[in-house]
Amino acid sequence: MTQLALSLCLSLSLCLSVFAQEPAAKPGAPAKPGDPAKARAPEVYTNPRSAPNDPRIGLKAGLHDAGEVAFGLVRIATLPKPPGFAPGDAPTAPPDPPAGEVGAARPGRRAPLQQYGSTNSDLAFSGNHLFVGNYNGVNFYDIDNPSQVKLLTSLICPGGQGDVSVYGHLLFMSAEAMNGRVDCGSQGVPVPAGYKPPAGPPPPAPDAPEPPGGRPPRQPPPASSERFRGVRIFDIRDIGRPKQIAAVQTCRGSHTHTLVIDPNDKENLYVYVSGTGLVRQAEEVPACSGGDPSQNPDTALFRIDIIKVPLAHPEKAAIVNSPRIFADAKTGAPNGLWKGGAHGEGSQSTSVTDKCHDITVYSAVGLAAGACSGNGILLDIADPRNPKRLDAVSDPNYAFWHSASFNNDGTKVLFTDEWGGGAQPRCRATDPMHWGANAIFTLENRKLKLASYYKMPAAQTESENCVAHNGSLIPVPGRDLMVQAWYQGGVSILDFTDPARPFEVAYFDRGPIDGGKRVLGGQWSTYWYNGYIYGAEIARGVDVFKLVPSQFLTQGEIDAANQVHFDELNVQNQPKIKWPANAIVARAYIDQLERSGALAAPRIAALHAGLSSAATRRALATELERDAAAAKSPADAQRMKALAGIFATLASGRR
């Protein structure tokens, strides 16, 4: 093996193109932790699996000619990955789950996993530009005409999954893998001549459960001043020539990051860094050390890092705090949350809470939701430099808390579970519907209360990696709608307006990339942005979708969603959605009241007529306020109040 190949092997697991494969349960075998066949029943509602005649079942396999089916969505464009990222000219390492994360490779439990080029990952938006993160860098696209997406610039800069965010003329990019270089070079980080990697731990027994805290961590390669793991900052004023202006090193790298805007601080931007990788040696970054906090109180485990970015001088960005957000409230011990392991018979084996995978901030309500390996947590971010934990929840059905989304009112939080690390098939007919799913919580007095689970309902094959992944709200007024990626499970749009009864509204799916073996692919992130849905397809490239009417979504609701425009969108820095008080938005509320049967047909007709007749608007507003007080559901009451406000505004001549 050459020195270069060894360097890549150490940094991106190039020599390990395999992922965990759990052994199938033996017929009649007793239940053990993490056994899907004997999963305990949930105490709340879980949406049912769809019928065997679901058109997503049995689609033809293929990389570029797979069968496709859609409902409520139409695909309007697909653009393949460009040179440097496409098959044949990019590193072919699969994503490397953090040590201890479910899905991390285990000796003795490996199955081949093929990959086509480097993996597309997360998305960010600014104006008419789309930024697509990738394990090999970032691609910049022109989306002025979404049906004709055009590649503008490719930035080759390996270093991990390439999580991206944008703020003004600044682009932020996460780096965590061992091949990341300070100079963005693609040659990897060389190791000393004659270096041999340390032997890994012995393979576990075939049916051994995951031990508390996960398997022993891998050993890092030799320290190097050339290695970069942290958050890069680029100046993109010249979008054809992005320039790296800062590179903030962190002790565990940056798996993901979240931009935080302090409304009381216009001069600085803050970045919450979620590092999930190995702790770096002090020889590489002097302030870093790992280990159990009882033995090393300065350990880089059990914390997040916060970077302060002076907007006038972003090159001076630096870490300003590393809060212990998992600490025990009584003792102050840093490792105060889930210790790792199973919750009992028929439960998942859940990762230890020593890191966050993703944090979503919702500045409009002063809160953040952290998906933190073994727990979902709620944070008060009134002081962004010093977030305070308000609540933490665990779940026996969750393996690895992965991401979070608020609804627009800030009254619900939807968490995802990445059971299997994203590389495994976790949507098979034999997999529990409440494992690898979304968990929907309501917020009551700043505490999280579990309401239900939702999982993409169509059974997928053994060849398709599938589990809950990244999504965003669709701004239909009067409803909580979310479009979500499910890897090779495709795209699913769910309605969680009633948190106790979520259901599917629309979907898009392709057949397996390969019907005979496991291949890494599918949608990593699908986000709504200014009237369209954009998807980062791991193996194929970029997809663009458009909503179309169905019995679950009217054209009036789609038109109202399209009244919302973002100048910039980083989904993990969740924006407050506001709708104009106009007739287009009013029609959406009327459609919803008609669908739910909240108002009789003559009243619905009168409301439509009132949109074109000024004489009755004030009276209609008064009637709707009265109707809201007697509405049978909270959702309909809110719709009536919102519609009353629009009629009152129209009656007054205000806009």
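The values are calculated or read from the model by the stated rules, or taken from the named source; none is laboratory data. Because the structure is predicted, anything quoted here is derived from the model rather than measured. Cβ atoms come from the backbone with ideal geometry, glycine included; neighbour counts cover every protein chain shown. SASA here: full protein model, heavy atoms, side chains in, ligands and nucleic acids out. Shrake-Rupley method; radii C 1.70, N 1.55, O 1.52, S 1.80 Å.
With respect to Trp401, is the statement that it is under 30 Å from Gly515 (Cβ atoms), touching a residue at least 24 places away in the same chain (Cβ under 8 Å) and open to solvent by less than 10 Å² (accessible area, probe 1.4 Å) true? Considered against the rule, which asks whether it is under 30 Å from Gly515 (Cβ atoms), touching a residue at least 24 places away in the same chain (Cβ under 8 Å) and open to solvent by less than 10 Å² (accessible area, probe 1.4 Å), Trp401 comes out as no. Where strands (runs of 3 or more DSSP E) fall entirely within segment 111-172, those with at least 1 residues that are among the acidic types (Asp, Glu) and surrounded by 22 or more Cβ atoms within 10 Å (Cβ to Cβ) are at 120-126. Evaluation of Gly340 against the conditions (1) on the phi < 0 side of the Ramachandran plot; (2) in contact with a Pro (Cβ under 7 Å, 6 or more places away or on another chain) shows that the sole unmet condition is (1). Selection of segment 431-467 for residues being open to solvent by 10 Å² or more (accessible area, probe 1.4 Å), among the hydrophobic types (A, V, I, L, M, F, W, C) and over 17 Å from Leu367 (Cβ atoms) yields Met433, Leu450, Ala451, Ala459. Just one of the listed residues (Ser463, Ser492) is closer than 30 Å to Ala642 by Cβ and either of a type in the set (Ser, Thr, Tyr) or modelled with pLDDT of 95 or more (or both), namely Ser492. Which residues, taken from segment 470-491, are under 22 Å from Asp591 (Cα atoms), open to solvent by less than 10 Å² (accessible area, probe 1.4 Å) and either assigned to a strand (DSSP E or B) or touching a Pro at 6+ places or on another chain (Cβ under 9 Å) (or both)? Result: Ile474, Leu481, Met482, Val483.
When segment 576-631 is limited to residues that are among the β-branched types (Val, Ile, Thr) and modelled with pLDDT of 95 or more, the one that is farthest from Pro549 (Cα to Cα) turns out to be Thr622. Only one entry of Ala371, Ala300, Ala318, Ala312 meets the criterion of being of a type in the set (A, V, I, L, M), under 22 Å from Pro396 (Cβ atoms) and modelled with pLDDT of 95 or more, and that entry is Ala371. Inspect segment 540-556 for any residue being open to solvent by 40 Å² or more (accessible area, probe 1.4 Å), over 28 Å from Ala451 (Cα atoms), within 21 Å of the chain's Cα centre (by Cα) and in contact (Cβ under 8 Å) with a residue 40 or more places away in the chain and give the result as yes or no. Yes, the conditions are met somewhere in segment 540-556.
Looking only at residues of segment 233-251 that are open to solvent by less than 20 Å² (accessible area, probe 1.4 Å) and in a loop (DSSP other than H, G, I, E, B), we find that the one that is nearest to Ala223 (Cα to Cα) is Cys251.
Going through segment 252-269 one residue at a time, which ones are open to solvent by 50 Å² or more (accessible area, probe 1.4 Å) and at pLDDT 95 or above?
Within segment 252-269, Glu267 is the sole residue that qualifies.
Scan segment 47-75 for residues that are open to solvent by 30 Å² or more (accessible area, probe 1.4 Å), at negative phi and out of contact with any Lys or Arg (no Cβ under 6 Å at 6 or more places or on another chain) and the total you get is 17. Can you work out which of the residues in segment 490-518 that are small (Gly, Ala, Ser) and over 15 Å from the mean Cα position of the chain (by Cα) is farthest from Glu68 (Cα to Cα)? Here the answer is Ala500.
Based on what the data block shows, is Arg626 over 22 Å from Phe503 (Cβ atoms), open to solvent by 70 Å² or more (accessible area, probe 1.4 Å), in contact with a His (Cβ under 9 Å, 6 or more places away or on another chain) and part of a helix (DSSP H, G or I)? Please lay out each step first, then the result.
Values: over 22 Å from Phe503 (Cβ atoms): yes; open to solvent by 70 Å² or more (accessible area, probe 1.4 Å): yes; in contact with a His (Cβ under 9 Å, 6 or more places away or on another chain): no; part of a helix (DSSP H, G or I): yes.
Criteria not met by Arg626.
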